[in-house]
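Report on the following structure.
Laboratory data are not the source of any read-out in this text; all were calculated from the coordinates shown. Keep in mind it's a predicted model, so treat the numbers as computed, not measured. Positions of Cβ are backbone-derived with ideal geometry, glycine not excepted, and every protein chain shown enters the neighbour counts.
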Amino acid sequence: MDEERYKSLLIVNESSDAQVSLYIYHRWDFICWLSIESKIIKPNDKYLHRSDERFKFELVARFEDKRPKKILLEPKMWVEDKLIKISESLDITEGKLADSI
């Protein structure tokens, strides 16, 4: 299969205490209520998601202490390959995936 057909997201969790959940939804799911796939990215870890189909995605931070969860990125449609970094203060930085390789 041609490498360019894959849709990719690289999520880098630079926080020290937040587990970041990546939720993947069908592209036609308007409500984004039930994910078709999910992945927990532990603190100071990263995850590369690749798919041969377009999708929507969401990022949510959860904490081991009793702090409430925090939505870092509302559901959005994949448009291009991206690098998404979550900082220590849970700020989001987005960039092109090719720029960081």
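Does Ser89 meet the test of being loosely packed, with under 11 Cβ neighbours inside 10 Å, among the small types (Gly, Ala, Ser) and assigned to a loop (DSSP other than H, G, I, E, B)?
It is true that Ser89 is loosely packed, with under 11 Cβ neighbours inside 10 Å, among the small types (Gly, Ala, Ser) and assigned to a loop (DSSP other than H, G, I, E, B).
Identify, from the list Asp65, Asp52, the residue that is in contact with a helix residue (DSSP H, G or I) (Cβ under 7 Å, 6 or more places away or on another chain), over 16 Å from Lys85 (Cβ atoms) and not aromatic (Phe, Trp, Tyr).
Numbers: Asp65 fails: in contact with a helix residue (DSSP H, G or I) (Cβ under 7 Å, 6 or more places away or on another chain).
Within the list Asp65, Asp52, the selection yields Asp52.
Take the residues of segment 15-31 that are buried (at least 16 other Cβ atoms within 10 Å of the Cβ) and either of a type in the set (Val, Ile, Thr) or without any contact (Cβ under 8 Å) to a residue 60 or more places away in the chain (or both): which is farthest from Asp65 (Cα to Cα)?
My answer is Tyr25.
So which strands (runs of 3 or more DSSP E) are wholly in segment 1-86 and hold at least 1 residues that are touching a Cys at 6+ places or on another chain (Cβ under 9 Å)?
18-26, 55-63, 70-77
I want to confirm something. Restricting to segment 66-86 and keeping residues that are of a type outside the set (D, E, K, R) and over 18 Å from Tyr6 (Cβ atoms), which single residue is surrounded by the fewest Cβ atoms within 10 Å (Cβ to Cβ)? Walk me through how you get there before you give the answer.
Step one: of segment 66-86, the residues of a type outside the set (D, E, K, R) are 68, 71-73, 75, 77-79, 83-84, 86.
Among the residues that remain, those that are also over 18 Å from Tyr6 (Cβ atoms) are: 68, 71-73, 75, 86.
Numbers: Pro68: 7, Ile71: 10, Leu72: 20, Leu73: 18, Pro75: 18, Ile86: 23.
This residue is Pro68.
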